[in-house]
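No value in this document is a laboratory result; all are computed from the given coordinates. Since this is a predicted model, take the numbers as computed values, not measurements. Because the Cβ atoms are built from the backbone with ideal geometry, glycine has one as well, and the counts that use them run over all protein chains shown.
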Amino acid sequence: MASPDREIKDSNNMPQYNPHAIEEKWQQFWLKNKVFASVADPTSPKFYVLDMFPYPSGEGLHVGHPEGYTASDIVARYKRACGFSVMHPMGWDAFGLPAEQYAIKTDTHPAATTRKNVSRFRSQLQALGFSYDWEREINTTDPEYYRWTQWIFLQLFDTWFDESSGHGRPIAELAAEFASGRRAVPGCTQSWHELDARHQREILAGFRLAYQADVAVNWCPGLGTVLANEEVIDGKSEVGGFPVERRPMRQWMLRITAYSRRLLDGLDTLEWSESLKMMQRNWIGRSEGALVHFQITGRTEILDVFTTRPDTLYGVSYMVLAPEHPLVNVDEKNCIIPPTWPEHTPAGWKYAGAPESPALSVQAYQKWVAGRSERQRQEDTSKTGVFTGAYAINPVNQQRIAIFVSDYVLMGYGTGAIMAVPAHDRRDFDFARKFGLPMERVVSARSDLPEAGELPFEETGYAVHSPWINGLATEQAIPVMIQQVEERRFGLGRTHYKIRDWLFSRQRYWGEPFPLVHLEDGTTVPLAPEELPLRLPDLVDFKPTGTMDPPLSKAVDWAKVWVLLEGPPATAVARVVPPGTPGAMPARRELNTMPQWAGSCWYYLRYLDPRNPTAFCQPETERYWMKQPPGVDLYIGGVEHAVLHLLYSRFWHKVLFDRGYVSSQEPFRKLVNQGLILGEAEYTAFSTSTGDLVSWSEVAPELSTRTGADGRPEIVSRHKSTGELLVGRAPAPATIEKRGSQYVLKSRPDIEVDARSYKMSKSRGNVINPDDVIAKYGADSLRLFEMFMGPLEQVKPWSTAGVEGVYRFLHRLWRNVFGTEEENQPRVVVKDGSTWRLLAGGALTAEQARKAQAAADELVRPMHRLVRKVTQDIERLSFNTAISTMMEFNNMLTRLEVVPREAVLTLVRLLEPFAPHVAEEIYQHLSGTASVESLSRVPWPTYDDALCVEARWEIPVQINGKVSGRVSVPADAAEDHVLQSVLADAQIQEKLAGRNPRKKIYVKGRMVSLVV
RNA sequence: GCCCGGGUGGUGGAAUGGCAGACACUCAGGACUUAAAAUCCUGUGACCAGAAAUGGUCGUGCGGGUUCGACUCCCGCCCCGGGCACCA
C-alpha cells in the first residue's frame, strides 16, 4: 500500500497539532487506496453496520447527522480491527416530497438540485472521515437503482397472501389452485376455465399484495398529493403541516395488513429499544376479542361488531354505527333505516333539525358530521348522535335494543359498529346518560358483592347477571363466553389489528413510476422485467397540476403506449412495442408515482451488490451478509422513522423472504436511535407588560413560545403568585453573569434568568453547522465531542466549550508524542533489546533510561485496563465513557518525562475509531518510517484480565455502613486473611472501641463491612 | 386517559447492590509572559468547625420498605420528555 508523504520533522521543528493538514491528507489516502472496501470474505465473520441514509436536502448536513454516523463508524472501524468483514455503506434517499418542494421553490429541475445536494452531502461526509466503502454509494433516483425498486414492486404485485400457511406465494400458484378446483373462485359460480382473461385478471387483482382500491384517502391540497396514514399527524401533513382532507380516490395499496401478525411477533426477536418496539406495537394495534353477529329486527342483514369484552354481552343495552357505516347509507338497498319512527321514539333521539323521519334525521346528522374536521372530532368528545329507528336483538338474552348512529364510533376501526355496554365503558356511559338509555351492570369489582365498583366500571372483575359466566373472573369469563358464542353460532373469537393497508401512490413527479400499464378492458398488467427500468419522463414542467391529476398527466406521449401481452392470460406481462406492431393493443401508463418510502424499503440490500445489472443482489452475496447472524448487525438512525420506514421495510423484507429472495426474517436485528442534539443553552429574562423585570424563581413553570413583534422568539408565562402575564426574551450574553449558583443580570443581580436548551431551528437561529466546527477544530474533535456529550440515545444540548475540551485532549496527546515547544524534542522512547533510546534517534542519559523503564513498568496494568474498558465500552455503545478512559490514560502520560512507545501505540490504536486522522498521523510517526500500512489495518489490541487489577488493593472498611478506615491487602488474599488484617488494624481497633463485630463481610476487592 | 423513557453538583455526564460526583465544561487561584492568548499546576456538591493540615454533618425528585450496605432492588407519589388516543 502506498503511503502519504511524511511531513518533514526534525528536533528543531516540532509540528503543532494542525487538524486540517492531516485530515485532508488521510481522507485522500483512504479514498485513493480503497482502504475501507468491503469484501465478502468467507473465512471471516461478517458485520453489517448501517446508517439511515440521508435525504440530501438543500440545507446541507446538520450536527445531528454526524452523531449517528460517528457512532456507526466507530463500530465499523472497531469490528474491522477485530477481524470481521465489515459492510459500512452510504447512499442517498433522494426521491420524495422535500426534494420536490425544494425544486419547486428554487425553480430548478429536481434532478439538478438532487445532483447538487448529493455532491455537497458527499463532500461534507467525506470531510468527517467516515470509513464508508464509497464504491457502494447508491442513489434511489438513479434509474439503475429504481429499476430494482420497480422490480420489487412487481414481486409484491405478483404475490398473494396464503392465510393457511401465513406466507406470501406467487400469484400463479393461486391461479393454479383456481384452475384445478382446489380453491373455489370467489363470488363466481363459473369454473376458472370458463372465465375470460379479463375476468381472471380482475379476480387475481383482488388477492395481490399490490392492488388498486377506491378508498377515502388523506388528500392534502397544500402538497397536491395523498398521504399515508403514517404521514398524517393530528390532521395535518407531517411534511409542511398542511391540512389534510378525507376524499374517495382510486389508489394503489399495499396489503401490509396481511403481515400484521408476523410484523408484530417479529418484534420479539429484535434488539430494538423497548419504546421503539412499543410504537410499532401500538401502530399495528393488536386486540383480542370476538366478532359477534346481531340480528336486525325485521331484516335479513346482520350487524357485526368487534368487542374485546365479550364477557359484557349481557350488559349490551343499545348499539351504535359509525355515520359512514354502509347499513345506514340511505342510497343503498341494504339500508336498515325504516321509513317511519317506531312508536314512542323520544324526541331527543331524533335530529333536531330534521325530526320528520329516521332517514332524514340520519342524513342530517351524517351531513353535520361530514362538515366537522378531524380535529374538531378529536377534540370535542361530548356525545352526539341519532336513533336509526332500527332495532337489533341481543343474541344472549333476545332483548330488543335500539341502533344509533354516532361519530364516537369510527368507521376505520373494527367493523365500524359497536355493542354498547354503558355500565362498563366510559364512552357508552356518557352516551347512554345523554339519550336516557338503560344500563345494566354485568361486572363487579368483588366476587362476594354483586354491586361493587362505581359505574362506569371499566376494570376487570367478576361477572354478574350473566347466566353463562356468573362468578367468573374477567380473564376466565372472556374465553368461556367466546366458546359459548362460537358453539351457539352467533360469533367467533377474533384478533383484530388496527393497522390499515399502505396507501402507496402519490400525485407527485419526483418518485418511481409504477411499472405497469392499464389496458382498455380495465385490467392492469405488469411490465415484463426486461422492460425495467421504466424511466421517469424528463418533464420541464413538473409542478403539481392544481387539480387532483398527477404531474405525469402532462407527459401525454409517455403515457400512451402499445403493448404485447406475454405468458398465460391471467398472469400476463406487458411488453411495450412500436404502434402498429401486429397483435399490439393500446394501453396507458400509471400516472401516479411511488411514495418516498419505496426506495428506502430495500436500500440496505442493494449496498451488498450495488452495480449488479441482472439482480437486485446476487443470492450468495445476500446470504453472506444477511444470514448469519441474521440481518443488519447494527442499524443507527433517528426515531422519527419508527412507524414509517422501519415498518415498511420490515414488510417488504418479509415478502422478499417469502418469495425466497432474502435469507433472514427481519432486516434490522439490532437498532439504535441516536438522541436529538439541542442548541446551545440559552438565557431568558422575564418582564411584565410594563417592563418590570421578574426573577425566574417567580415565573410559573408553564411556558409557551410565540414570535415577538421584532420577529424573535418570545416565551410567555405567568407570575407564580400574582398570575400577571410575563414575557421572556433573550438578553445579550454579555449582560449576564453568574452569582453563586444562579445566572443573573449584571445590571440587576437580584434578577435571575432562566437557562435551558431548545431544539435547533432556523427560526431560532441556534443551528450549528458542522462545516464551521470542522473549520475551527477539525473533524476529529467534532467526532469526539459528538460522542463525548453523553449516551448516544439521549437528548443533549450542544456546547461549543465542550468541543474545546476534546480539542485540548487531542493537543495534549499530540504533545505527549511530539513534545512541548519548551522540550523541543519528541518524548517517545523505544527499547532496543535492553537499551532505551529516543524514537527519533539519540541516546538517553542513565537517569532518563531509568525513568523510561519505570514508566514502562508502571503503565503495564493501566494499559490492560485501558484496552479492556475501551473494548467493552464500544461493544455496549458507551462511547462517552470510552473517551473518558482514554483521556485519563493520556493525562497519565502527560505527567511522564519520557513516554514508552508501546503506551502511545496502544492509545492511538484505541483512539482510531473515534478520531481516525490524528491516530493515523501519530501511528505513522511512531512507526518511524514513511511507508506504513494504515493504522486501521492494525489488529485490535488484546488484554489480560489478570493484568487489569493491581497486585495490592486498598480496601475501604465500613463499620455499620460508614467508611471508617482502609487497609491494603494482596489481591489474591483469602477472606479470612483480609478480615484478620482488618481487625488487627490500629485505626479500625480504635473505631471499634472494644466492640466485637457480630457480622463480618468481605466483598472481594471492593469492601469490608463490619456490623457491631 | 393509556403505554414507554427519564429525574445525580453551576453545566454535560460517571457509577446498575459495595468509597456518589470519574471524565469534561465553567469558575477561582497560581506558574510562564512586558502583557495577553495558549499551555501547565492547584482547587471547585452543600453546610458547619478550624489559622491551617484537617475533622464533622447532610446529600442522587418526594415518602416508605428490603439489606451489613441502596443513585442502583421493591411499594406509593410528584415532576419532565416521548408515543398513542372516542381503537370498541
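The table for this structure:
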{"quantity": "Estimated [θ] at 222 nm from DSSP helical runs (n ≥ 4, -39500 (n - 2.57)) normalised by residues in chain A, nearest 500", "calculated": "-9500 deg cm²/dmol"}
{"quantity": "Contact order relative to length of chain A, as percent, for alpha carbon pairs under 8 angstrom and 6 or more apart", "calculated": "13"}
{"quantity": "Fewest-first ranking of A:CYS220, A:CYS82, A:CYS188, using other Cβ atoms within 10 Å as the exposure measure", "calculated": "A:CYS188, A:CYS82, A:CYS220"}
{"quantity": "Cα-based helix-to-principal-axis angle, A:916-927 vs chain A, degrees rounded to 10", "calculated": "30"}
{"quantity": "C-alpha center-to-center spacing [the range A:211-253, the range A:486-528] in angstrom", "calculated": "15"}
{"quantity": "11 Å cut-off, amide nitrogen to a point 7 angstrom out along A:ASP265 Cα→Cβ, residues in the range A:151-179", "calculated": "A:165-167"}
{"quantity": "J(HN,Hα) series, the range A:762-775, from Karplus relation 6.51 cos²θ - 1.76 cosθ + 1.60, nearest Hz, glycine and proline x", "calculated": "4, 5, 7, x, 10, 7, 9, 9, x, 4, 5, 5, 5, 4"}
{"quantity": "Residue order, fewest to most beta carbons within 10 Å, for A:LEU893, A:LEU321, A:LEU264", "calculated": "A:LEU264, A:LEU893, A:LEU321"}
{"quantity": "Rounded, prolate or oblate (a/c below 1.5 giving rounded, otherwise prolate when a/b exceeds b/c) for the range A:776-926 by Cα gyration tensor", "calculated": "prolate"}
{"quantity": "Ranked list, fewest to most other Cβ atoms within 10 Å of each Cβ, for A:SER123, A:SER317, A:SER781, A:SER180", "calculated": "A:SER180, A:SER123, A:SER317, A:SER781"}
{"quantity": "Qualifying GluC sites (Glu not before Pro) for the range A:309-367 [loop in DSSP, other Cβ within 10 Å: at most 12]", "calculated": "A:GLU332, A:GLU343, A:GLU356"}
{"quantity": "Tilt relative to chain A, helix A:143-157 - C-alpha long axis, 0 to 90 degrees, to 10", "calculated": "40"}
{"quantity": "For A:ASN139, distant residues with modelled amide H under 5 Å away", "calculated": "A:TRP92"}
{"quantity": "Cβ-based net charge around A:SER505, under 14 Å, with every Lys or Arg adding one and every Asp or Glu removing one", "calculated": "-1"}
{"quantity": "Whether chain A is rounded, prolate or oblate, judged on the alpha carbon gyration tensor where a/c under 1.5 counts as rounded", "calculated": "prolate"}
{"quantity": "Relative contact order %, the range A:950-1011, counting alpha carbon pairs below 8 Å whose residues are six or more apart", "calculated": "40"}
{"quantity": "Over 21 Å (Cα to Cα) - which of A:LYS277/A:LYS759; A:LYS46/A:LYS627; A:LYS105/A:LYS796; A:LYS670/A:LYS796; A:LYS277/A:LYS498 fall in this group", "calculated": "A:LYS277/A:LYS759; A:LYS105/A:LYS796; A:LYS670/A:LYS796"}
{"quantity": "Formal net charge of residues neighbouring A:PRO98 (Cβ-Cβ distance under 14 Å; K, R +1; D, E -1)", "calculated": "-3"}
{"quantity": "Whether the range A:60-159 is rounded, prolate or oblate, judged on the alpha carbon gyration tensor where a/c under 1.5 counts as rounded", "calculated": "oblate"}
{"quantity": "Principal-axis tilt of helix A:19-32 within chain A, Cα atoms, nearest 10 degrees", "calculated": "60"}
{"quantity": "Straight-distance crosslink candidates among lysines, where the alpha carbon sits under 25 Å from A:LYS434 and sequence neighbours closer than 8 are dropped", "calculated": "A:LYS350, A:LYS367, A:LYS383"}
{"quantity": "Nonlocal amide H pairs with A:LEU678, under 5 Å, H built at 1.01 Å", "calculated": "A:LYS796, A:TRP798"}
